[in-house]
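For reference, the structure is listed below as structure tokens.
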Amino acid sequence: MLYDKYSVQTIRVDTPSARYDVFAGTGLLANLAPRIERIAGRLPRRIFVITSPEIWGVWGETLLSSFAEPPVTLFLPPGEKHKTMASVEKLLRQMVAAGGDRGSLLIAFGGGIVGDVGGFTAATFMRGIPYVQAPTTFLAQVDSSVGGKTGVNLPEGKNLVGSFHHPIAVFADIGVLGTLPERELRAGLMESIKAGIIRDRSLVRFMEEHVEDILRRDGRALEKVIAASIKMKADVVNRDERESGLRMILNFGHTLGHAIEQVTRYKALLHGEAVGWGMVAALHVASRRRTISGSQAERLENLIYAYGPLPPLKLRPAKLVAATGADKKNVGGVRRFVLPVGIGDAGVVEDVTAAELEAAASYMLAQAAENPR
């Protein structure tokens, strides 16, 4: 059960182009309007909320409760198949029809897809308007809502169209996680495992020691994991806003994870589940290269499985490796790959061969072909 005590942590994102706060805790959604007003100075005449019908049906009344004038609500259907330029154009035209202008504000209220599409819509409407992230899934709260990345997919690959457009604030209300489906919670936790592996050894230890507390949604345990994950990402983004170096480590597990999503046409796995399997593959590469020991790889792989189950996969390794060619981290034909260096550190390498990737994919698929892990 989530606890009712009003508790909010504030994490500062401070980059060369933007400064804003991420608020993580309880009671945020019911007080959203006055919080936005304090940050923006005043509430704009026209406020838009982009959300999904499902989220709005459960939490829309709570969001509206603090607004004297209700925002204009725009709906994005759920699923990666709607994370497209066509969806963005439809939303933009609805905003024009509703009287939106350069003084408008947008609230992205939903999971990672809503956040990415909503942020990109804000970045492109009238050449850019301010927006707020109000993430409602665990994955969005700990990862995609922070850092300013926005975008949509192309048939050729994930997030190939987008921009950097930071929100003026992020409100991660832990209370909304009480209605989050179990599968989505577990998938989102993969991003926190990633955060621990690449940058926070103490988070790895905490997640190992508190599996039951976290999975039963103990409020204090969730707040600890969420705040630690956000702090890690904020620190990386502060140091490397535009992903020219350090920020690339945030893509640990995502090279093959994105390939899995593309090959399965975004229908078989949630994003966090694909990243989970991608981390299993990356750990295999790291173990073979001895950037981590065999025992460390086993320990981290077991942590991934502890927050599973991850869905089974039946794919061809070569097809997955071929799909990594469209990964947006690649530059000039060079395949960039993130590997852990021990526990709590990671680096980017540019010499992982197709043979290494195929061996890692084969290992991952062998695990995925067994009972769900």
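Taking the listed residues G175, G162, the one that is of a type outside the set (D, E) and assigned to a helix (DSSP H, G or I) is G175, with no other qualifying. For segment 61-102, the candidate set comprises residues that are surrounded by 12 or more Cβ atoms within 10 Å (Cβ to Cβ) and among the acidic types (D, E); within that set, the residue that is farthest from G27 (Cα to Cα) is E89. Of the residues screened, R205 is not one that is on the phi < 0 side of the Ramachandran plot and in contact (Cβ under 8 Å) with a residue 40 or more places away in the chain.
Test V96 against the stated conditions and say whether it is more than 19 Å from I174 (Cβ to Cβ), modelled with pLDDT of 95 or more and out of contact with any Phe, Trp or Tyr (no Cβ under 8 Å at 6 or more places or on another chain). Yes: the conditions hold for V96. Output yes when any residue across segment 220-243 is of a type in the set (A, V, I, L, M, F, W, C), without any contact (Cβ under 8 Å) to a residue 24 or more places away in the chain, assigned by TED's automatic domain parsing to the domain that holds L357 and surrounded by fewer than 22 Cβ atoms within 10 Å (Cβ to Cβ), and no when none is. Scanning segment 220-243 turns up at least one residue that is of a type in the set (A, V, I, L, M, F, W, C), without any contact (Cβ under 8 Å) to a residue 24 or more places away in the chain, assigned by TED's automatic domain parsing to the domain that holds L357 and surrounded by fewer than 22 Cβ atoms within 10 Å (Cβ to Cβ). For segment 153-198, taking the residues that are within 16 Å of E212 (Cα to Cα) and among the basic types (K, R), the one that is surrounded by the fewest Cβ atoms within 10 Å (Cβ to Cβ) is identified as R183.
Based on what the data block shows, is G178 closer than 26 Å to G60 by Cβ, modelled with pLDDT under 95 and of a type in the set (G, A, S)? Taking the combined requirement at face value, the residue satisfies it. If you go through segment 140-159, how many residues are of a type in the set (S, T, Y) and part of a strand (DSSP E or B)? Count: 1.
Okay, residues lined up against (1) of a type in the set (K, R); (2) without any contact (Cβ under 8 Å) to a residue 60 or more places away in the chain; (3) in contact with a Ser or Thr (Cβ under 7 Å, 6 or more places away or on another chain):
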{"residue": "P135", "(1), (2), (3)": "no, yes, yes"}
{"residue": "V152", "(1), (2), (3)": "no, no, yes"}
{"residue": "G157", "(1), (2), (3)": "no, no, no"}
{"residue": "V161", "(1), (2), (3)": "no, no, no"}
{"residue": "F164", "(1), (2), (3)": "no, no, no"}
{"residue": "V176", "(1), (2), (3)": "no, no, yes"}
{"residue": "R186", "(1), (2), (3)": "yes, no, no"}
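Pairs are defined by a Cβ separation below 6 Å, a sequence spacing of at least 6 or placement on different chains, a first member in segment 117-133 that is at positive phi, and a second member that is not in a helix (DSSP H, G or I); the pairs so defined are M126/R102.
Kindly provide the set of residues from segment 70-107 that are in contact (Cβ under 8 Å) with a residue 24 or more places away in the chain, of a type in the set (K, R) and in a helix (DSSP H, G or I), ordered by number.
Scanning segment 70-107 gives a single hit, K81.
Does at least one position in segment 48-55 carry a residue that is part of a helix (DSSP H, G or I) and either of a type in the set (A, V, I, L, M, F, W, C) or buried (at least 22 other Cβ atoms within 10 Å of the Cβ) (or both)? Yes, some residue in segment 48-55 is part of a helix (DSSP H, G or I) and either of a type in the set (A, V, I, L, M, F, W, C) or buried (at least 22 other Cβ atoms within 10 Å of the Cβ) (or both).
So that you can scan it fast, the table gives a plain yes or no per residue for (1) under 15 Å from V338 (Cα atoms); (2) touching a residue at least 40 places away in the same chain (Cβ under 8 Å); (3) not in a helix (DSSP H, G or I):
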{"residue": "G272", "(1), (2), (3)": "no, yes, no"}
{"residue": "V275", "(1), (2), (3)": "yes, yes, no"}
{"residue": "A282", "(1), (2), (3)": "yes, yes, no"}
{"residue": "A286", "(1), (2), (3)": "yes, yes, no"}
{"residue": "T291", "(1), (2), (3)": "yes, yes, yes"}
{"residue": "Q296", "(1), (2), (3)": "no, yes, no"}
{"residue": "L315", "(1), (2), (3)": "no, yes, yes"}
{"residue": "A318", "(1), (2), (3)": "no, yes, no"}
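The values are calculated or read from the model by the stated rules, or taken from the named source; none is laboratory data. Just so you know, these numbers come straight off a predicted model, no measurement behind them. Every residue, glycine as well, gets a Cβ built from its backbone with ideal geometry; the counts of neighbours run over all protein chains shown.
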